[in-house]
Amino acid sequence: MITRRAFVKAGATCAAVLALPVVAPAAEHAPLMRTIPSSGEPICAIGLGTWITFNVGDDPILRHECADVIAAFLEAGGRMIDSSPMYGSSQPVTGYGLEKLGRPETLFSADKVWTSSAAGGPAQIEQSRRLWGVPRFDLVQVHNLVAWEAHLETLFAMKAEGQIRYVGITTSEGRRHDLFEQIMRRHPLDFVQFTYNILDREAEERMLPLAAERGMAVIVNRPFRQGALTRRLEGETVPDWAAEIGAATWAQFILKFILSHPAVTVAIPATTSVNHVRENVAAAVGPLPNDSQRERMAAYVRDL
């Protein structure tokens, strides 16, 4: 049976898939692992985001496709899946996929608290946990700093009681960086999440160095500008010299740039495609660009 998504996109997708380079199976090469500074725990440097892509409601076919993406991601060596109550049906769809896969032990579950009600935080976190079907979250983050003071108090208490393992905060698209930095300086966060990619590099000035200084793991969101960056590059040829860093596609080119910053712990691209999730994790295999290569990469994309 052809899916509704596949039917709508069939014309464009068929040509695109035929043109994609073959991605080596993850079993042949282990992806890059980064260390969570506050614990020393290793984690794969490519995670899986669920914003928009997993918001498929109760459609059984689309939920099955998302489960296939999760399976391919974990099989390739990925660990962190990131979601939020803000993401529509993404949480129950993630839970469906994990249940179908038998609750994989390698999963690193990252979710968020997103409510203006300070008192409502614990109930929302518990509801999210039930939707995922996990015994506890590995990481809970205050989403976009909403009611951050009260929620951080809740999260630190939950961590102390063993109800979650790590505490973090998030922002995106360059918003509220000044307040974000203030919170980073004042609180012993395990993780911080913000936007960083080959064109949006403001985080290099203060956020990334501060995270390294404070011993905080960094999750990078919007690595492809929610798909706008890869769409912009469609039809353009990946430069021959990208082979020096093992980048066969634009997605790998962009992800390798992000991962080459030493303060980055995990990048979380979102996708609905099994081929693309394997391609993304493969970006964490092989060499990463040095400083001069990074600047060459950024200039090349900027000038296209």
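Looking at Glu202, Glu161, can you tell me which residue is free of Cβ contacts under 8 Å to residues at least 12 places away in the same chain and surrounded by fewer than 15 Cβ atoms within 10 Å (Cβ to Cβ)? Steps first, answer last, please.
On the way: Glu202 fails: free of Cβ contacts under 8 Å to residues at least 12 places away in the same chain.
Going through Glu202, Glu161 in turn, just one is free of Cβ contacts under 8 Å to residues at least 12 places away in the same chain and surrounded by fewer than 15 Cβ atoms within 10 Å (Cβ to Cβ): Glu161.
Is it true that some residue in region 32-46 is open to solvent by less than 40 Å² (accessible area, probe 1.4 Å), more than 26 Å from Thr171 (Cα to Cα) and either among the hydrophobic types (A, V, I, L, M, F, W, C) or in a strand (DSSP E or B) (or both)? No, region 32-46 has no match at all. Residues in region 222-250 that are open to solvent by less than 20 Å² (accessible area, probe 1.4 Å) and either farther than 25 Å from Thr53 by Cα or among the β-branched types (Val, Ile, Thr) (or both): Pro239, Ala242, Ile245, Thr249. Looking only at residues of region 57-86 that are open to solvent by 30 Å² or more (accessible area, probe 1.4 Å) and charged (D, E, K, R), we find that the one that is nearest to Gln193 (Cα to Cα) is Arg79. I'm told Ser90 meets every condition in (1) surrounded by fewer than 23 Cβ atoms within 10 Å (Cβ to Cβ); (2) touching a residue at least 40 places away in the same chain (Cβ under 8 Å); (3) touching a Phe, Trp or Tyr at 6+ places or on another chain (Cβ under 7 Å); (4) not acidic (Asp, Glu) except one. Can you identify the failing condition by its number? For Ser90, the exception is condition (1).
Restricting to region 262-304, name every residue that is open to solvent by 10 Å² or more (accessible area, probe 1.4 Å), part of a loop (DSSP other than H, G, I, E, B), touching a residue at least 60 places away in the same chain (Cβ under 8 Å) and hydrophobic (A, V, I, L, M, F, W, C). The answer is Ile268, Val285, Leu288, Leu304. Counting only residues that are free of Cβ contacts under 8 Å to residues at least 60 places away in the same chain and open to solvent by less than 10 Å² (accessible area, probe 1.4 Å), region 205-221 holds 6 of them.
The values are calculated or read from the model by the stated rules, or taken from the named source; none is laboratory data. This structure is a prediction, so every number in the text was calculated from the model and none was measured. Neighbour counts are summed over all protein chains in view; Cβ atoms, including those assigned to glycine, are modelled from backbone coordinates with ideal geometry. For the accessible areas, the whole protein counts, side chains as well, though only heavy atoms, and no ligand, DNA or RNA atoms are used. Shrake-Rupley method; radii C 1.70, N 1.55, O 1.52, S 1.80 Å.
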